[in-house]
């Protein structure tokens, strides 16, 4: 039964994802970044609705009162593909920092280009950090939130990856508020797993971190300490 439910979810995503991606691409010459991000959030809402209907996998959000009323940087735990969908239904219009290779995925990659996501070449070192600050500052000025997964890749439940400095560096250079986010999606939707298990994923939003006067290392450490402590409760 889990296989059939997961298959129905996958088939539905194969239908709706290209439709929304093409709509975003078609909107690019005529709409704002905010409008295109909102179109992506409609896709995310449809996806979570379909996930609940087919796989009986729902969502509980804790700490909504911690969401600032101005564009901020979200530093989120990365366990599965689920959070890349769910964050769009919880936070205001946003863009993401992605591995450059993901931008070459047919259709979806086109949509990410149209939305002005920030592709990063991890092998570029400090040059990548410079580009992140330039593009991140531009997106924040346009009223968009910036989503970064500091571990850089999906980490299995119970495991802890290295928290890379990029997100904290962007925050320190732009004096932007940071919002740490933890969740337990990996218990239900594991990395590269086809099967989605029923239940309720809990996503927890931490208190915002004001970064003015803080160095990147200090910001990164605060984020890591809060997320990993919260993960102990969620797992």
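The values are calculated or read from the model by the stated rules, or taken from the named source; none is laboratory data. Source: prediction; values computed, not measured. Virtual Cβ from ideal backbone geometry, glycine too; neighbours counted across all protein chains shown.
Quick one: in segment 143-158, of everything that is exposed (fewer than 15 other Cβ atoms within 10 Å of the Cβ) and touching a helix residue (DSSP H, G or I) at 6+ places or on another chain (Cβ under 9 Å), which residue is modelled with the lowest pLDDT?
158
Check 168, 185 and return the single one that is farther than 25 Å from residue 89 by Cβ, buried (at least 16 other Cβ atoms within 10 Å of the Cβ) and in contact with a helix residue (DSSP H, G or I) (Cβ under 9 Å, 6 or more places away or on another chain).
Only one candidate qualifies: 168.
How many residues does segment 35-84 hold that are touching a strand residue (DSSP E or B) at 6+ places or on another chain (Cβ under 8 Å), at pLDDT below 95 and over 13 Å from residue 203 (Cα atoms)?
1
What pairs come out if I take residues in segment 135-160 that are at positive phi and in contact (Cβ under 8 Å) with a residue 12 or more places away in the chain and pair them with residues that are surrounded by 15 or more Cβ atoms within 10 Å (Cβ to Cβ) and in a loop (DSSP other than H, G, I, E, B) whose C-beta lies under 8 Å away, six or more apart or interchain?
Here the result reads 143/71; 143/93; 152/78; 152/161; 152/164, each pair linking segment 135-160 to a residue that is surrounded by 15 or more Cβ atoms within 10 Å (Cβ to Cβ) and in a loop (DSSP other than H, G, I, E, B).
State the number of residues belonging to segment 188-218 that are under 17 Å from the mean Cα position of the chain (by Cα), under 20 Å from residue 6 (Cα atoms) and surrounded by 21 or more Cβ atoms within 10 Å (Cβ to Cβ).
Qualifying residue count for the region: 2.
(1) in a helix (DSSP H, G or I); (2) free of Cβ contacts under 8 Å to residues at least 40 places away in the same chain: which one isn't true of residue 9, the others all being true?
With respect to (1) in a helix (DSSP H, G or I); (2) free of Cβ contacts under 8 Å to residues at least 40 places away in the same chain, residue 9 is out only on (2).
Within the bounds of segment 59-72, is there any residue that is in contact (Cβ under 8 Å) with a residue 40 or more places away in the chain, under 27 Å from residue 23 (Cα atoms) and within 15 Å of the chain's Cα centre (by Cα)?
Among the residues of segment 59-72, at least one is in contact (Cβ under 8 Å) with a residue 40 or more places away in the chain, under 27 Å from residue 23 (Cα atoms) and within 15 Å of the chain's Cα centre (by Cα), which makes the answer yes.
Checking the conditions here, which among 48, 102, 75 is under 19 Å from residue 149 (Cα atoms), surrounded by fewer than 22 Cβ atoms within 10 Å (Cβ to Cβ) and under 15 Å from the mean Cα position of the chain (by Cα)?
Of 48, 102, 75, the one residue that is under 19 Å from residue 149 (Cα atoms), surrounded by fewer than 22 Cβ atoms within 10 Å (Cβ to Cβ) and under 15 Å from the mean Cα position of the chain (by Cα) is 102.
Restricting attention to segment 26-47, which residues are farther than 21 Å from residue 143 by Cβ and touching a helix residue (DSSP H, G or I) at 6+ places or on another chain (Cβ under 6 Å)?
Result: 46, 47.
Being without any contact (Cβ under 8 Å) to a residue 24 or more places away in the chain and in a helix (DSSP H, G or I) is the filter here; which residues of segment 85-112 pass it?
Scanning segment 85-112 gives 100, 101, 102, 103, 104, 109, 112.
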